[in-house]
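Here the structure is laid out as structure tokens; the discussion comes afterwards.
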Amino acid sequence: MTGAPENQIRNTLENQHLQTAIYTATGRLMSHRRAVVSPEVLPDFQELRTQANLIKKHTIENLDYYLEQFASNVAARGGKVIWARDGAAVVDFLAKLAKEKNVRLIVKAKSMTSEEIELNDRLGRHGLEPVETDLGEYIVQLAHERPYHIVAPALHKTRYEVADLFTERLGVERETEIERQTKIARSVLREKFLSAGIGISGANFLVADSGAIVLVTNEGNARMATTLPRIHVAIAGIEKVIPRAQDLAVFLKLLGRSATGQPLTVYTSFLSGPRRENEIDGPDEFYVVLLDNGRTRLLADRYKRESLYCIRCGACLNHCPVYRKVGGHNYPWVYSGPIGKIITPQYLGVTHDPWLPFASSLCGACEEVCPVKIRIPRLLLKLRSEVVKAKMRDPQSRLERLGFRVWAWVMCRPKLYEMLGAMGSAVFGNGEAWLRRAPGLMNYGPVKAWFSQRDLAPMPARSFRQMWRARRKAAQD
Amino acid sequence: MPRVSVFVTCIVDQMFPKVGMAMVEVLERIGYDVDFPEEQTCCGQPAFNTGYREEARKVARHFLKVFRDAEYIVVPSGSCTSMIAHQYRELFAKEPEWLEATNAIEPRIWEFSKFLLEVAKVEDVGARLERVVTFHDSCHGLRGLGIKEGPRRLLSRVRGLTLREMDAAEECCGFGGTFSVKFPEISGGMARTKIDSILRTGAELVVGIDVSCLLQIRGALSRAGSTIGTMHLAEVLAHR
């Protein structure tokens with residue numbers, strides 16, 4: 001479709017290694033998930049989803065209240081809250097803080113929110129050195145790429161590619177064994193942890209009634225990044241707040257299971273405020289940056305605001321047959337897959353990538369697995385209608401609109417519909433052979449598109465209604 | 001004799017008339033008087049799914065008028081049934097009169113296999129087909145209407161038939177209406193993944209409840225040079 005990165009998509013589709021890598025990795029995540037959400041092992045899974053949806057709905061409807069409660073509880077524990085309108089405000093705050101504290105090196109735990117505002121590049125331009133410490137994120141940072149997947153950033157990289165990357169960027173000997181590669185990364189990163197002045201993390205949840213942030217991770221790097229440097233800055237979208245600590249009983253059961261098929265991830269960290277007296281670890285200063293970056297605009301839209309319920313588990317990506325074909329780098333923004341398809345147009349504007357909501361077969365696998373029950377296909381359909389409205393004046397859209405107008409007109413006139421059907425059957429009754437002899441028709445967009453991939457059986461000589469009448473007549477005779 | 005109206009859908013009417021005839025035959029066989037309101041055309045889904053809601057509404061109103069008095073409406077498609085049962089409400093959210101008509105029609109509209117099992121309460125329709133088949137779960141039937149075990153129960157009563165499940169039964173075939181021509185390469189890639197799964201079963205035939213999926217699957221099988229055929233559930237059940 002016009003505007004889509006067609007060549008890039010084609011490259012992905014034709015790269016057999018990449019296709020296998022995506023399909024296998026997502027397939028593994030799917031089967032791991034299935035094993036831990038089945039009714040035998042988790043009978044109340046569907047109820048948990050409903051509960052999570054209701055909590056999110058309630059929170060988003062009362063977001064102002066819970067954000068203020070969260071902020072005052074952070075302050076009560078000696079932390080500071082920074083309200084950031086956009087990425088520039090975050091960068092501004094961090095640059096000033098780094099300058100004031102004389103910090104150059106920053107370690108980072110995995111955070112999609114920081115990817116969303118391209119934090120690493122922007123901090124780099126201020127002379128700062130942010131280093132990703134999640135292994136996958138570290139790999140994509142070394143490769144100067146965007147994360148390929150919300151929870152598995154380097155899903156597309158084989159260990160051989162990682163070996164080459166490490167040799168090139170770190171000057172180490174080529175090492176293709178994953179355990180050894182991890183060891184290499186660990187020894188590089190250990191130094192960074194010890195000398196960094198600021199640690200940046202995201203937050204999976206912001207707990208309003210306690211002022212704590214919750215981090216859900218597997219590698220332990222987030223604990224290092226948030227406790228070793230003197231300063232910890234957590235950056236989170238405003239939608240990450242939940243009312244009570246006890247709500248985590250619902251969300252923690254869903255997040256790990258939906259993301260990687262783990263009943264719980266290896267580390268679940270609750271961080272609130274800087275280190276207090278008698279505590280042996282933790283930072284001297286604790287900041288939470290609450291990022292808007294378009295979220296309040298989304299909040300204003302009653303119909304689509306449920307997109308803010310997302311807890312970034314990535315299950316919709318793993319189960320999406322389109323993501324499993326095109327991978328994570330053919331989407332216009334850092335958020336890929338079905339969730340990316342519904343939030344990107346809302347953040348960047350529906351005309352920014354008008355093709356995006358159409359790049360779906362509407363199969364509904366995403367909604368089926370979404371732990372907070374976001375009705376993704378419904379939102380895609382809504383976005384499609386918004387694109388159609390916004391692109392009304394575009395010549396190609398005009399043609400399409402005219403086509404659908406005529407079509408609707410015909411569909412309300414059964415006699416005309418039947419007549420045109422009979423004409424179609426007379427013309428296409430010979431099927432593809434006829435079409436191929438009429439090159440003009442074969443070059444017509446949709447026809448060409450169909451035959452580029454598939455065959456089409458000839459149209460039958462008689463329609464159902466003709467057969468029906470013939471049968472009735474025969475019965476009467 | 002109890003009476004049912006059939007909505008055969010535009011695609012069955014124009015491209016798969018035999019599927020419609022097979023459905024009629026099965027319904028008559030189990031004792032229904034079948035009516036085909038000739039004013040029927042389409043449910044409006046193509047326009048709705050492509051973002052043309054006003055155009056979809058026009059066609060949907062036509063549908064609601066045609067079937068206003070039908071006691072049961074039986075449809076050989078999970079997708080069109082789901083459109084009428086679920087999406088009309090969305091289309092007419094701001095038109096109370098048509099919303100009422102939608103609510104009135106919703107409990108009377110039945111996808112074919114669901115009608116057999118839940119209204120007619122028949123599992124064995126006396127069919128025979130000596131073939132090894134595999135079943136494709138079409139997305140809107142599966143996720144929109146919860147159709148999963150039903151068609152398999154019906155197939156299990158077909159004499160001579162062996163069902164071999166494919167590993168990717170619930171994966172989309174890649175059709176998706178205008179998606180198939182707006183993103184042909186992705187759609188084709190999805191079809192080929194589906195076909196690989198079909199081939200692994202060794203089945204001779206793919207059975208489904210939506211001809212749109214079967215159009216895609218058949219087209220891709222044929223392109224791949226395979227001789228595996230496709231059949232709508234109604235055709236299987238009509239076969240003796």
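The values are calculated or read from the model by the stated rules, or taken from the named source; none is laboratory data. Computed from a predicted model, the values in this text were never measured in an experiment. Cβ coordinates were reconstructed from backbone atoms using ideal geometry, including for glycine residues, and neighbour counts include every protein chain displayed. These accessible areas exclude ligands, DNA and RNA; they are computed on the full protein's heavy atoms, side chains included. Shrake-Rupley method; radii C 1.70, N 1.55, O 1.52, S 1.80 Å.
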(request) Exactly one condition in (1) open to solvent by less than 10 Å² (accessible area, probe 1.4 Å); (2) within 14 Å of another protein chain (Cβ to nearest Cβ); (3) under 17 Å from residue B:230 (Cα atoms); (4) part of a helix (DSSP H, G or I) is not met by residue B:180; state its number. (result) (3)
(request) May I ask you to list pairs of residues, at least six apart or on different chains, whose Cβ atoms are under 9 Å apart, with the first in the range A:30-45 being under 12 Å from residue A:258 (Cα atoms) and modelled with pLDDT of 95 or more and the second being exposed (fewer than 11 other Cβ atoms within 10 Å of the Cβ) and not charged (D, E, K, R)? (result) A:45/A:39
(request) Name the residue, out of A:317, A:299, that is touching a residue at least 40 places away in the same chain (Cβ under 8 Å), touching a Leu at 6+ places or on another chain (Cβ under 7 Å) and more than 14 Å from chain B (Cβ to nearest Cβ). (result) A:299
(message) Which numbered condition in (1) touching a strand residue (DSSP E or B) at 6+ places or on another chain (Cβ under 7 Å); (2) under 17 Å from residue B:230 (Cα atoms); (3) open to solvent by 30 Å² or more (accessible area, probe 1.4 Å) is the only one that residue B:130 fails?
(response) (1)
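Filter the range B:80-94 down to residues that are in contact (Cβ under 8 Å) with a residue 12 or more places away in the chain and open to solvent by 10 Å² or more (accessible area, probe 1.4 Å) and give me whichever is farthest from residue B:30 (Cα to Cα). Working first, answer last.
If we filter the range B:80-94 for residues that are in contact (Cβ under 8 Å) with a residue 12 or more places away in the chain, which is where we start, we get B:80-89, B:91-92.
Within this subset, residues satisfying the condition of being open to solvent by 10 Å² or more (accessible area, probe 1.4 Å) are B:80, B:82, B:86-87, B:89.
On the way: B:80: 24, B:82: 25, B:86: 28, B:87: 31, B:89: 32 Å.
The residue in question is B:89.
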(request) State all residues of the range A:265-306 that are open to solvent by 20 Å² or more (accessible area, probe 1.4 Å) and part of a helix (DSSP H, G or I); if no residue qualifies, say none. (result) A:296, A:297, A:299, A:305
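Rundown of residues vs (1) outside the structural domain of residue A:112 (by TED's automatic domain parsing); (2) without any contact (Cβ under 8 Å) to a residue 12 or more places away in the chain; (3) out of contact with any Leu (no Cβ under 8 Å at 6 or more places or on another chain); (4) not hydroxyl-bearing (Ser, Thr, Tyr), yes/no style:
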site: A:150; (1), (2), (3), (4): no, no, no, yes
site: A:155; (1), (2), (3), (4): no, no, yes, yes
site: A:163; (1), (2), (3), (4): no, no, yes, yes
site: A:167; (1), (2), (3), (4): no, yes, yes, no
site: A:170; (1), (2), (3), (4): no, no, no, yes
(message) I'd like to verify a number: residues in the range A:1-25 that are buried (at least 17 other Cβ atoms within 10 Å of the Cβ) and either farther than 27 Å from residue A:354 by Cα or small (Gly, Ala, Ser) (or both), how many?
(response) 3
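Residues checked against (1) under 26 Å from the mean Cα position of the chain (by Cα); (2) closer than 25 Å to residue A:162 by Cβ; (3) assigned to a strand (DSSP E or B); (4) not charged (D, E, K, R):
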residue	(1), (2), (3), (4)
A:186	no, yes, no, no
A:226	yes, no, no, yes
A:234	yes, no, yes, yes
A:250	yes, no, no, yes
A:259	yes, yes, no, yes
A:263	yes, no, no, yes
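Got a sec? Which of A:219, A:239 is of a type outside the set (Lys, Arg), within 30 Å of residue A:373 (Cα to Cα) and at pLDDT below 95? First the steps, then the outcome.
Working: A:239 fails: at pLDDT below 95.
Of the residues listed, the single one that is of a type outside the set (Lys, Arg), within 30 Å of residue A:373 (Cα to Cα) and at pLDDT below 95 is A:219.
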(request) Tell me which residues, restricted to the range B:133-169, are of a type in the set (S, T, N, Q) and closer than 21 Å to residue B:227 by Cβ. (result) B:134, B:162
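I'm checking my understanding of the structure. Among residues of the range A:375-416 that are in a loop (DSSP other than H, G, I, E, B), more than 19 Å from residue B:89 (Cβ to Cβ) and more than 10 Å from chain B (Cβ to nearest Cβ), which one is least open to solvent (accessible area, probe 1.4 Å)? Write out each step before concluding.
Going residue by residue through the range A:375-416, those that are in a loop (DSSP other than H, G, I, E, B) are A:375, A:391-394, A:412-413.
Narrowing further to those that are more than 19 Å from residue B:89 (Cβ to Cβ): A:391-394, A:412-413.
With the extra rule that they be more than 10 Å from chain B (Cβ to nearest Cβ), the set shrinks to A:392-394.
Details: A:392: 87, A:393: 192, A:394: 51 Å².
The qualifying residue least open to solvent (accessible area, probe 1.4 Å) is A:394.
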(message) Would you confirm, using the coordinates I've provided, whether residue B:200 is away from chain A (no Cβ under 14 Å), basic (Lys, Arg), in a loop (DSSP other than H, G, I, E, B) and open to solvent by 10 Å² or more (accessible area, probe 1.4 Å)?
(response) no
(message) Considering only residues that are surrounded by fewer than 24 Cβ atoms within 10 Å (Cβ to Cβ) and either more than 9 Å from chain A (Cβ to nearest Cβ) or among the polar types (S, T, N, Q) (or both), which ones fall in the range B:23-39?
(response) B:25, B:28, B:29, B:30, B:31, B:32, B:33, B:34, B:35, B:37
(message) Which of the numbered conditions does residue A:427 fail, given that it passes all the others? Conditions: (1) at pLDDT below 90; (2) open to solvent by 60 Å² or more (accessible area, probe 1.4 Å); (3) more than 11 Å from chain B (Cβ to nearest Cβ).
(response) (2)
(message) I'm trying to understand the selection: among the residues of the range A:95-154, which are within 17 Å of residue A:216 (Cβ to Cβ), part of a loop (DSSP other than H, G, I, E, B) and out of contact with any strand residue (DSSP E or B) (no Cβ under 9 Å at 6 or more places or on another chain)?
(response) A:147, A:149, A:150, A:151, A:152
(message) Condition (residue is open to solvent by less than 50 Å² (accessible area, probe 1.4 Å), in contact (Cβ under 8 Å) with a residue 60 or more places away in the chain and within 10 Å of another protein chain (Cβ to nearest Cβ)) applied to the range B:97-112: is it met by at least one residue?
(response) no
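Output the residues belonging to the range A:43-63 that are farther than 30 Å from residue A:291 by Cβ and surrounded by fewer than 16 Cβ atoms within 10 Å (Cβ to Cβ).
The initial filter retains those residues of the range A:43-63 that are farther than 30 Å from residue A:291 by Cβ, namely A:43-47.
Within the range A:43-63, A:43, A:44, A:46, A:47 meet the criteria.
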